[in-house]
Amino acid sequence: MGIVLSQRQKDILLSIVDIYIKYKKPVSSDDVLKYSRVKASSATIRNDMQKLQRLKYIYQQHTSGGRIPSDRALELYFEIVKDVYSKTEKMLDIPKEYKFYDLNIMIENMSKIVSEILEGMIIFEYPNPRYVFITRCVVTPLTESHYVVTFLTNLGMTISRTVEKYGLPISSELEKMLNKGLSGKSIQELLSAVNSESYKTDDIRIKNMFSMINSLLNEFSRNKYHVTGLEKIISHCKNNIESIESLTMMVENDEIKDKIFDKIEFSNDINIFFGDDLNARALKNFSFFNTSYSLSSNSIGRVLLITDKYKNYEKVYKVLKEYVSRFSEIISKNL
């Protein structure tokens, strides 16, 4: 951090953040005296605020105006919130009984709940293919010329595709072959295998078989993210067309989401960054909170919450921590 802040200066800074989040207006030294528990004179508070401004924790839009907390201040504020609440065993009373039945539906439901509570947009990354294993293959005759091939997985997710029968064995034989060759293997392992040079052949039946398997596996790979709550977040930027366009493009374009997720590590901790960290001017007024969900001890996917920058960070931390932890607990217990 460089220069260390005194406890009083930290208290003043945290008070400025609290007051600004609550009232959404620049904070003066008189506001700090009025709304906080800081025990200091107005002159001392002004001097400390000047130091905080020099250190870029706060800034003024006008020389005679109050102060606004910077991203640096918000980051420090969130770290303090985490430190306080990480010592609390139970933060929210949420239902403990939840029957696992379909991971896709669980992701949709949890994303919707968190988005509504926090009034933000949730981008939920589907599980890493390294941890998704084929448990069973089912081949169902559909027409005289087509089968429906379905892969069932350990996470309750299914991959299904209609394929032509041409060059493939009869349904019962094909199902037996697929179960023998694929059951127990991860999606990642299978993707590597079907693209391996060792599988190159001139046999049309084998070519068709691997082409079919590859198309099914790629079907899984195409679905990377579940996004919920665009309407929640754009309600905070009705007059900012540039922000609305950027958020909409993020929802529609997986390449944009990929670039953002490339910056996010797998971690059970909750971390924060801001639109400016993405060099995205249109997103400078938004906070990005990220964490991971787990299967047993393995982090298998990431969760990103995008919301108004000046948010109730205590509420964000408690809701994300409890719901993502509960989600991990449910899938680890049932799978």
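Summary table
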item	result
Breaking point among (1) more than 26 Å from THR291 (Cα to Cα); (2) crowded, with 17+ Cβ neighbours inside 10 Å; (3) not assigned by TED's automatic domain parsing to the domain that holds VAL138, for ASN239	(2)
Count - residues of segment 152-163 that are touching a His at 6+ places or on another chain (Cβ under 8 Å) and either surrounded by 13 or more Cβ atoms within 10 Å (Cβ to Cβ) or of a type in the set (Phe, Trp, Tyr) (or both)	1
Residue check, GLU329 closer than 22 Å to MET106 by Cα and free of Cβ contacts under 8 Å to residues at least 24 places away in the same chain	yes
Residue count, segment 64-119 (criterion: at pLDDT below 95 and in contact with a Gly (Cβ under 6 Å, 6 or more places away or on another chain))	2
Answer from SER171, SER186 - the residue that is at pLDDT 90 or above, crowded, with 17+ Cβ neighbours inside 10 Å and either in contact with a Cys (Cβ under 7 Å, 6 or more places away or on another chain) or under 30 Å from LYS333 (Cβ atoms) (or both)	SER186
Scope segment 139-151; condition free of Cβ contacts under 8 Å to residues at least 40 places away in the same chain and either within 13 Å of ILE213 (Cβ to Cβ) or surrounded by 16 or more Cβ atoms within 10 Å (Cβ to Cβ) (or both); matching residues	VAL139, TYR147, THR150
Filtered residues of segment 290-300 (kept if surrounded by fewer than 23 Cβ atoms within 10 Å (Cβ to Cβ) and of a type outside the set (Val, Ile, Thr))	SER292, SER294, LEU295, SER296, SER297, ASN298, SER299
Qualifying position, being outside the structural domain of LYS318 (by TED's automatic domain parsing), outside any helix (DSSP H, G or I) and farther than 17 Å from ASP269 by Cβ, among LYS34, LYS51, LYS39	LYS39
Residue among ARG281, ARG302 that alone is in contact (Cβ under 8 Å) with a residue 60 or more places away in the chain and basic (Lys, Arg)	ARG302
The lone exception for VAL319 - which of (1) assigned to a strand (DSSP E or B); (2) within 22 Å of ASP83 (Cα to Cα) it fails	(1)
So TYR323, is it in contact (Cβ under 8 Å) with a residue 60 or more places away in the chain and buried (at least 17 other Cβ atoms within 10 Å of the Cβ)	yes
Leading residue by the ranking (farthest from ASN208 (Cα to Cα)) among those in segment 161-173 that are assigned to a strand (DSSP E or B) and in contact (Cβ under 8 Å) with a residue 24 or more places away in the chain	ARG161
Scan of segment 34-72 for residues that are small (Gly, Ala, Ser) and in contact with a Pro (Cβ under 8 Å, 6 or more places away or on another chain), ordered by number	GLY65, GLY66
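The values are calculated or read from the model by the stated rules, or taken from the named source; none is laboratory data. Only a predicted model underlies this, so the values are computations on that prediction, with no experimental measurement involved. Positions of Cβ are backbone-derived with ideal geometry, glycine not excepted, and every protein chain shown enters the neighbour counts.
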